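In what follows, a single structure is set out as structure tokens and then discussed.
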């Protein structure tokens, strides 16, 4: 988990990677400059996000199955761990 503390604390550092025109809008791919995760956003012609998904995450990024998403408390612990390192 230490390798991804900044992404867990600050969320990801998204940078535009590619954009493609699709019928009725755009498909934009973003990439995190810290961990390499990709995010795809489907935008309508007015710029509203109508669908968004991540993946794949780098090995070791995801929490073990059954633990679910990080809570506010989990994020606070990651933040303190990052500050102490």
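The numbers here are math on the coordinates, done by the rules we state, and not lab data. Owing to the predicted nature of the structure, the values given are computational and were not obtained by experimental measurement. No Cβ is skipped: glycine too gets one built from the backbone with ideal geometry, and neighbour counts run over all protein chains shown.
Quick look at the numbers
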{"read-out": "Cα gyration tensor, segment 25-68 - rounded (a/c under 1.5), prolate or oblate", "value": "oblate"}
{"read-out": "Order of 11, 70 - criterion: other Cβ atoms within 10 Å of each residue's Cβ, fewest first", "value": "11, 70"}
{"read-out": "Choice from 27, 69, 41 with maximal GNM fluctuation in the chain (Cα, 10 Å cutoff)", "value": "69"}
{"read-out": "Label-to-label distance, nm, for residues given as residue 3 and residue 53 (7 Å Cα→Cβ offset)", "value": "2.4 nm"}
{"read-out": "Rg followed by Dmax, in Å, when the chain is reduced to its Cα trace", "value": "15.2, 49"}
{"read-out": "On Cα atoms only, tilt of 72-84 relative to the major axis of the chain in degrees", "value": "70 degrees"}
{"read-out": "Least to most buried among 14, 46 (fewest other Cβ within 10 Å first)", "value": "46, 14"}
